[in-house]
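Visitor: This is the structure I have questions about; it appears just below.
The values are calculated or read from the model by the stated rules, or taken from the named source; none is laboratory data. Keep in mind that this is a model prediction, so the values were computed, not measured. Here the Cβ is made from the backbone with ideal geometry for all residues, glycine too, and neighbour counts use every protein chain on show.
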Amino acid sequence: MSRQGQARERTYENIRQFWDSEAAELGETPAVTIRDHYFRVHELHTLQTLIPRTRALLDIGCGTGFGTVMLARRAERTTGGDYSEAMIRWAQRLVEDEAYRNALADDLSPLAPLAAADIRFSVANIVDLDVPGAPFDTVTGQRILINLPTHDEQMKALDNLRRVAAPGALLIMTEAVLQGHRRTDEYRGRFGLPPLEKYWHNNYVDEDRYGEWSDHGWRVASLLSFDTYALLSKVVYPAARGQDRCRFLSGANQAAMEVANLFRTRAAARELGGDRALLDFYVERVRRYDADEADSIARWADGRDDDLGDWSRLGHQRLVVARAV
């Protein structure tokens, strides 16, 4: 169960207050912006492979700056913007306090260092965007649109991002989507698992409406999914371990992140030789961190055949790559 608190009406102000309260209580850890931190590392690893060397990068909805610092190595200069002043204060500390940054890197950044870079953080609101450093050649964001209460506000946000983007700029956003939730819930049901938790403050993106983005300055070029992480973390781990015994910061999820970074999609995972080979590889990685979890997953895998069915495009998160038009 997440820390989403008491459900409230999904309004702009209620959502902003929710994130301010989260920053006040959990701002010292990147988990303040997403509980599934190892998915976050996997997501950022994928993002870094998509960002070309760029002059100016904007990371909008940057939260406490963890992702911004990781992505900044791709840019000559980087701006991080968030509408929560409390989040921005934590982000400033991340770049200014080397001991704090190194401690987070040791605990929560197993694949890449959190190096200091040319980063400027500022309070910036995507619905009324005024951010220093424009125009930007690359714009990134993670779960920004879903925290806007209506579809019209989501489209206005795209308008605003286009206004601060350079001609031909690249937009890379990860958003939770309606179709991905349905697909994952149906697949989880095959293994006796309940639907994924839905958040009161999230207005999940409708993939059937990506065509409208071009009316707001962005042509969607490609869509990427995170099949392997979703299979291992959201299906295999809870089915083997029991939903109530799963933890976001677990050895099983760290191993899922590592396997998924090598084989992000079902198509890529076929290189291992089939679903059972993927499960065996996963168990080996989990055993490096937690033998008890590894034993549970191994017992569950022994009851499976070599075909887990079609798990392509599994997961409720999608990475959207678009170009300014």
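Visitor: Between Leu319, Leu308, which is within 24 Å of Glu207 (Cβ to Cβ) and in the same structural domain as Gln179 (by TED's automatic domain parsing)?
Guide: The conditions single out Leu319.
Visitor: Condition check: more than 30 Å from Glu212 (Cα to Cα), in contact with a helix residue (DSSP H, G or I) (Cβ under 6 Å, 6 or more places away or on another chain) and not assigned by TED's automatic domain parsing to the domain that holds Ala260. Does Ala99 satisfy that?
Guide: When the stated conditions are applied, Ala99 does not pass them.
Visitor: Can you tell me which of (1) within 16 Å of the chain's Cα centre (by Cα); (2) surrounded by fewer than 19 Cβ atoms within 10 Å (Cβ to Cβ) is the one Val325 doesn't meet?
Guide: The one condition Val325 does not meet is (1).
Visitor: Which residues, counting only those in region 270-320, are closer than 29 Å to Pro52 by Cβ and either surrounded by fewer than 16 Cβ atoms within 10 Å (Cβ to Cβ) or of a type in the set (S, T, N, Q) (or both)? Spell out the reasoning first.
Guide: From region 270-320, those closer than 29 Å to Pro52 by Cβ are 270-271, 312-320; that's our starting set.
Arg270, Glu271, Ser312, Gln317 - these are the residues of region 270-320 that are closer than 29 Å to Pro52 by Cβ and either surrounded by fewer than 16 Cβ atoms within 10 Å (Cβ to Cβ) or of a type in the set (S, T, N, Q) (or both).
Visitor: Within region 291-316, which residues are over 14 Å from Ala240 (Cα atoms) and of a type in the set (Asp, Glu)?
Guide: Result: Asp305, Asp306, Asp307, Asp310.
Results for (1) within 30 Å of Arg287 (Cα to Cα); (2) assigned by TED's automatic domain parsing to the domain that holds Ala268; (3) in contact (Cβ under 8 Å) with a residue 60 or more places away in the chain, shown as yes or no for each residue.
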residue: Arg188; (1), (2), (3): yes, no, no
residue: Pro195; (1), (2), (3): yes, no, no
residue: Lys198; (1), (2), (3): no, no, no
residue: Asn203; (1), (2), (3): no, no, yes
residue: Gly217; (1), (2), (3): no, no, yes
residue: Ala240; (1), (2), (3): yes, yes, yes
residue: Arg245; (1), (2), (3): yes, yes, no
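Visitor: To continue, here is another question. Pull up region 156-182, narrow it to residues that are within 26 Å of Arg8 (Cα to Cα) and assigned to a helix (DSSP H, G or I), then point me to the one that is farthest from the chain's Cα centre (by Cα).
Guide: Here the residue is Lys156.
Visitor: Examine region 135-144 for a residue that is among the hydrophobic types (A, V, I, L, M, F, W, C), in contact with a Gly (Cβ under 6 Å, 6 or more places away or on another chain), assigned by TED's automatic domain parsing to the domain that holds Thr49 and touching a residue at least 12 places away in the same chain (Cβ under 8 Å), and state whether such a residue exists.
Guide: Yes: one or more hits.
Visitor: Does region 15-27 contain any residue that is of a type outside the set (S, T, N, Q) and not in a helix (DSSP H, G or I)?
Guide: yes
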